[in-house]
1. What list do you get for TYR78, TYR6 if you sort them by fewest beta carbons within 10 Å?
2. Listing LEU65, LEU130 from the residue with the fewest other Cβ atoms within 10 Å to the one with the most, what is the order?
3. I need LYS116, LYS88 ordered by Cβ neighbour count within 10 Å, fewest first.
4. As an exercise, identify the trypsin sites (Lys or Arg not before Pro) in region 80-113 lying in DSSP coil whose Cβ has no more than 11 other Cβ atoms within 10 Å.
5. For VAL64, enumerate residues with amide H under 5 Å from its amide H, sequence gap 5+ or separate chain, H modeled in the peptide plane.
6. Quick one: net charge of ALA92's neighbours, Cβ under 11 Å, K/R +1, D/E -1?
7. Can you work out ³J(HN,Hα) from phi for every residue in region 66-80, in order, using Karplus 6.51 cos²θ - 1.76 cosθ + 1.60 and θ = phi - 60°, giving whole Hz and x for Gly and Pro?
8. If the limit is 29 Å between Cα atoms, which of LYS50/LYS107; LYS46/LYS84; LYS43/LYS104; LYS88/LYS108 go over it?
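Please treat every number below as a calculation from the coordinates, not as lab data. This structure is a prediction, so every number in the text was calculated from the model and none was measured. Note that each Cβ is placed from the backbone with ideal geometry, even for glycine, and that neighbours are counted across all protein chains shown.
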Amino acid sequence: MKKVFYSFHYALDNWRVNQIRNMGIVEGQRICEPNEWEDIKRKGDKNIAKWIDSSMQDCDCVIVLIGEQTHTRKWIKYEVKKAKELNKPIFAIFIHKLKDSNSKTSKKGKNVFGIKAYEAKDFSHISKNLESWIDENTPNKKLLLFGISAFMILLFHNQIKSFWNHLLNKSVA
């Protein structure tokens with residue numbers, strides 16, 4: 001099961017995000033309770049950055065859940081930047097059409113992050129597609145390791161071949 005880091009506007013989209021997280025399709029980071037988040041914020045920007053960095057470190061990919069005001073949030077911009085620095089696969093899902101705890105939707109937010117984004121029609125649409133969206137955006141580690149291994153074998157083979165050619169040329173001379 002892939003482990004994801006969800007980036008979202010806590011105050012406006014927390015309920016929607018918890019519905020996505022609770023689908024059980026992927027392992028998402030634990031979402032802070034409001035009082036926990038307030039404690040983190042109260043300790044200042046360095047503590048917020050430290051919490052984000054720590055939470056993102058072991059994830060397989062980052063998913064930005066774009067609501068109406070997500071694009072205005074300082075810490076979401078930081079999370080996107082951090083994901084790119086860590087070379088984490090990253091993509092977005094527009095969640096404005098998802099109903100909140102009051103059965104209301106919101107206006108579509110903006111994708112100002114320069115990342116691929118998917119339109120979510122409703123929770124069932126996400127449930128059906130989330131795993132494939134993650135797979136599309138996350139490289140296959142086994143295939144990547146195979147490719148690196150094959151490259152190393154080829155490199156080693158060429159070095160041995162070069163070494164033997166060098167020895168043979170010296171013995172002929």
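1. In order of increasing Cβ crowding within 10 Å: TYR78, TYR6.
2. Taking fewest neighbouring Cβ atoms as first place, the list is LEU130, LEU65.
3. Placing the least packed residue first, the sequence is LYS116, LYS88.
4. LYS104, LYS107
5. Counting only residues 5 or more places away or on other chains, the set is SER7, PHE91, ALA92, ILE93.
6. That sum, taken over residues with Cβ under 11 Å, equals +1.
7. Taking θ as phi minus 60°, the curve returns 8, x, 4, 10, 3, 5, 8, 8, 4, 6, 5, 4, 4, 4, 5 Hz for region 66-80.
8. Correct reply: LYS50/LYS107; LYS43/LYS104.
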